[in-house]
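Written out below as structure tokens is the structure these notes cover.
The values are calculated or read from the model by the stated rules, or taken from the named source; none is laboratory data. Predicted model only: the values in this text are computed from it and were never measured. Positions of Cβ are backbone-derived with ideal geometry, glycine not excepted, and every protein chain shown enters the neighbour counts.
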Amino acid sequence: MKILLIFGTRPEAIKLAPILRSIKEKEDMEVIVCVSAQHRQLLDQVLTVFDIEPDYDLDIMIPNQSLFHITGSILEKIGPLLRKERPDIVVVQGDAQTAFVGALAAYYEQIPVAHVEAGLRTDDKYSPFPEEINRRLVDQIADLLFAPTEHALDNLLAEGISSEQIFVVGNTEIDALYFIRGHVQPVQRFTFPERVILVTAHRRENFSSGLSSICQSLREIARRNKDVRIVYSVHPNPNVQREVRKRLAKIERITLLDPPDYASFVHLMAASYLILTDSGGIQEAGPALDIPVLVLRDKTERMEGIYTGAAKLIGTDPERIIAETENLLRDRLTYTAMAQADNPYGDGTAAKRIIEILQARVH
Ligand code: UD1
């Protein structure tokens, strides 16, 4: 069986790496890796950590790229590659542009598609933008849908997708996290005397006012809480860099980091007191590491963590961010309840299950 994995961003690489590792242990499976390089440095960091050598690198990233550029350039380059390789199945992950275009291209060539992390929904097509529509379209195209949770399964069933195509397997983010913690030493180790509030925020829908509100609240939290260090891992997107560096450079008790490699980032997450983020994967990692997560978005497709109490959806209003953060800094009982809440995203065996299903279903 010949499997083609297509991915392009940091989170896709992290979440497909466990599948790639498991496939390589199977003698009856041949794997071809195609990266779009929608991300360059962030992707290459993950490829290094997981020791992945792509067979094809479309190398499409340009500064401040538009959705038109990403979609058009991947689609253009991937057609000839699919015709040459003719895989039995194309595997894509999540909701980034590369996943959508990879699935669309495979469909154009009438090659079956498997979608890892199927069924996540906010039911708002502009939040997250354009990810909500990307994942809906991929799920329409996909032949095999790997849902991380029962909640995601229900979303897919409600859209009329046949239960015979859907498998609840857990999220491969947790597989990647456990693998890294068990096997890879961080390149950088971050130690601060204060309690660390780790921050990431990069989403397109937060570019207009959300990011400046987030920065404003971080300044205020740093000013009012002398025993706290805010560590912000700043995404290389120029829109994010400009706003965050303009508002938060050289502020006492705020450290701005270039994104660390994944192993160092996992180490940093585990050493944090609290995480503020608009990222998807970090909403899954926090509960698995027993670190409370405040979600800097109005809507999330990851409601499972909100339901178990491991994460809280707080939006981007500065007063709310400050109040929720300070509550967790001061109220030990609330903090402990969040830290000890169940991780609903899986037990680290999702990749193994996915491989077994591929072996049974793809010929
Ligand atoms: C993309 C995904 C988003 C995902 C995020 C994770 C889409 C539409 N968005 O958003 O779903 O949550 O990745 O990070 O697919 N850049 C670099 N180096 C890098 C990566 C990015 O310089 O390694 C800069 C480039 O200027 C690039 C810009 O960031 O043009 C934006 O990258 P892009 O992939 O378009 O969007 P992200 O915001 O990273």
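Of everything in segment 200-227, what is among the aliphatic types (A, V, I, L, M) and either within 11 Å of the ligand (Cβ to nearest atom) or in contact with a Phe, Trp or Tyr (Cβ under 8 Å, 6 or more places away or on another chain) (or both)? Give them in sequence order. Those that are among the aliphatic types (A, V, I, L, M) and either within 11 Å of the ligand (Cβ to nearest atom) or in contact with a Phe, Trp or Tyr (Cβ under 8 Å, 6 or more places away or on another chain) (or both): A201, L218.
Filter segment 84-98 down to residues that are within 16 Å of the ligand (Cβ to nearest atom), out of contact with any Lys or Arg (no Cβ under 8 Å at 6 or more places or on another chain) and not β-branched (V, I, T), then give me how many there are.
2
For D59, the test of being within 16 Å of the ligand (Cβ to nearest atom) and not in a loop (DSSP other than H, G, I, E, B) is failed.
Listed here are the residues, each with its yes/no results for (1) over 30 Å from S264 (Cα atoms); (2) away from the ligand (no atom under 16 Å from the Cβ).
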site	(1), (2)
P130	no, no
I133	yes, no
L137	yes, no
A142	yes, yes
L153	yes, yes
I161	yes, yes
E173	no, no
Y178	no, yes
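Can we say L294 is in contact with a Lys or Arg (Cβ under 6 Å, 6 or more places away or on another chain), more than 14 Å from the ligand (Cβ to nearest atom) and within 22 Å of G210 (Cβ to Cβ)? When the stated conditions are applied, L294 passes them. Counting only residues that are outside any helix (DSSP H, G or I) and in contact with a helix residue (DSSP H, G or I) (Cβ under 7 Å, 6 or more places away or on another chain), segment 94-113 holds 6 of them.
Results for (1) aliphatic (A, V, I, L, M); (2) over 30 Å from I19 (Cβ atoms); (3) not in a loop (DSSP other than H, G, I, E, B), shown as yes or no for each residue.
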| residue | (1), (2), (3) |
| --- | --- |
| I321 | yes, yes, yes |
| T325 | no, yes, yes |
| L328 | yes, yes, yes |
| T334 | no, yes, yes |
| D342 | no, no, no |
| G346 | no, no, no |
| I354 | yes, no, yes |
| L358 | yes, no, yes |
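Might you let me know whether segment 9-16 holds any residue that is within 13 Å of the ligand (Cβ to nearest atom), in contact (Cβ under 8 Å) with a residue 12 or more places away in the chain, in contact with a Leu (Cβ under 9 Å, 6 or more places away or on another chain) and part of a loop (DSSP other than H, G, I, E, B)? The answer is yes, given that some residue of segment 9-16 is within 13 Å of the ligand (Cβ to nearest atom), in contact (Cβ under 8 Å) with a residue 12 or more places away in the chain, in contact with a Leu (Cβ under 9 Å, 6 or more places away or on another chain) and part of a loop (DSSP other than H, G, I, E, B). Can you confirm whether segment 279-292 contains a residue that is over 18 Å from the mean Cα position of the chain (by Cα) and surrounded by 17 or more Cβ atoms within 10 Å (Cβ to Cβ)? No: segment 279-292 contains no residue that is over 18 Å from the mean Cα position of the chain (by Cα) and surrounded by 17 or more Cβ atoms within 10 Å (Cβ to Cβ). The selection criterion, being aromatic (F, W, Y) and either more than 25 Å from A323 (Cβ to Cβ) or not assigned by TED's automatic domain parsing to the domain that holds A323 (or both), does not hold for F207. Would you be able to say whether some residue in segment 176-199 is of a type in the set (A, V, I, L, M), within 20 Å of A288 (Cα to Cα), in a helix (DSSP H, G or I) and within 14 Å of the chain's Cα centre (by Cα)? Yes: one or more hits.
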